[in-house]
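Asker: I'd like to ask some things about the structure below.
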Amino acid sequence: IVSDKDGYSAFVGEVENFCIGYCFGPNYLRHLRDAKIIVTCNPSGWEGDFRLWEAFLSGAMVMVDKTVTIGWMPNPPKDGKHWITYDPANKKDFMKKLRHYTDPANKAETEKIAKKGYEFVLRNHMAVNRVDYVLNEVQPKLAKYIEDPAKRAILKLPPK
């Protein structure tokens, strides 16, 4: 329970790094399916993990702490349109946002953000999108890089 007076219910869990099998327990997928809002936080020491993308694909509205690196990706999600960001050091603002999006008067807004986030990730952030990015963006840069005979030698590629 986040707050008895607010009446929120919550499932709180922690992921073990490098876990095998059920990282969240056997009911993880049920919790994703049943959630209307999923609050996730980036791991300490780096940004981004599988939980963020699973949260989007659950169809729930996603709240995540502010990130930097996701803005470097092609087609980054937009705060307020595809997800809601929060500052983990500002509990007052976080609770204000949580109250706003759980208020029945704002249900349509919450559902709209959830739907837009879900559709956005399906269009822009699936495995096929990553492969497409590598083939269209990284591969030409790598091909140009290995034109240099010295770099070919470092990579143990045959001379051209």
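Asker: Is segment 66-119 best put as rounded, prolate or oblate by its Cα gyration tensor, with a ≥ b ≥ c the root eigenvalues, rounded for a/c under 1.5, and otherwise prolate when a/b is larger than b/c, oblate when not?
Answerer: Working: a/c = 4.39, a/b = 1.21, b/c = 3.62.
Verdict is oblate for segment 66-119.
Asker: Under a plain spin-label model, where a point goes 7 Å from the Cα along Cα-to-Cβ, how far apart in nm are K107 and A127?
Answerer: Calculated label separation equals 3.7 nm.
Asker: Another question, if that's okay. Please report the base-10 log of the normalised intensity I(q)/I(0) for segment 13-160, using a Debye sum with one equal scatterer per alpha carbon and no solvent, at each q in 0.11, 0.13, 0.18 (1/Å).
Answerer: -0.55, -0.70, -1.11
Asker: Using the basic label-point model (7 angstrom from Cα toward the beta carbon), what is the A153 to K91 distance in nanometres?
Answerer: Modelled inter-label distance: 6.1 nm.
Asker: For the pair K144/K160, report the inter-label distance in nm, with labels modelled 7 Å from Cα in the Cβ direction.
Answerer: 1.3 nm
Asker: Using alpha-carbon positions, what is the distance between the centroids of segment 133-149 and segment 80-107, in Å?
Answerer: 42 Å
Asker: Residues of segment 89-105 with the amide nitrogen closer than 17 Å to a label point 7 Å from the Cα of K66, along Cα-to-Cβ, please.
Answerer: Those under the cut-off are 89-98.
Asker: Still on this structure: Could you sort K81, K66, K160 by their accessible area in this structure, using a 1.4 Å probe and putting the largest first? Working shown, then result.
Answerer: Numbers: K81 90, K66 130, K160 170 Å².
Largest accessible area first, the list is K160, K66, K81.
Asker: Residues of segment 62-76 with the amide nitrogen closer than 19 Å to a label point 7 Å from the Cα of N136, along Cα-to-Cβ, please.
Answerer: Hits in segment 62-76 for N136 at 19 Å: 71-76.
Asker: Given K66/K141; K36/K66; K36/K81; K36/K112; K91/K112; K92/K115, which pairs have Cα atoms separated by over 22 Å? It would help to have the intermediate numbers written out before the result.
Answerer: Numbers: K66/K141 30 Å; K36/K66 20 Å; K36/K81 16 Å; K36/K112 12 Å; K91/K112 25 Å; K92/K115 26 Å.
Over 22 Å Cα-Cα: K66/K141; K91/K112; K92/K115.
Asker: Size of the dipole of segment 30-127 about the Cα centre, Lys and Arg at +1 and Asp and Glu at -1 on the beta carbon, nothing else charged, in debye to 20?
Answerer: On the way: 17 positive and 12 negative charges, 62 e Å.
It comes to approximately 300 debye.
The values are calculated or read from the model by the stated rules, or taken from the named source; none is laboratory data. Nothing here was measured: the structure is a model prediction, and the numbers come from that model. All Cβ positions, glycine included, derive from the backbone under ideal geometry; neighbour counts span all protein chains shown. The protein model used for the area step is the full one, side chains on, heavy atoms only, and it has no ligands, DNA or RNA in it. Shrake-Rupley method; radii C 1.70, N 1.55, O 1.52, S 1.80 Å.
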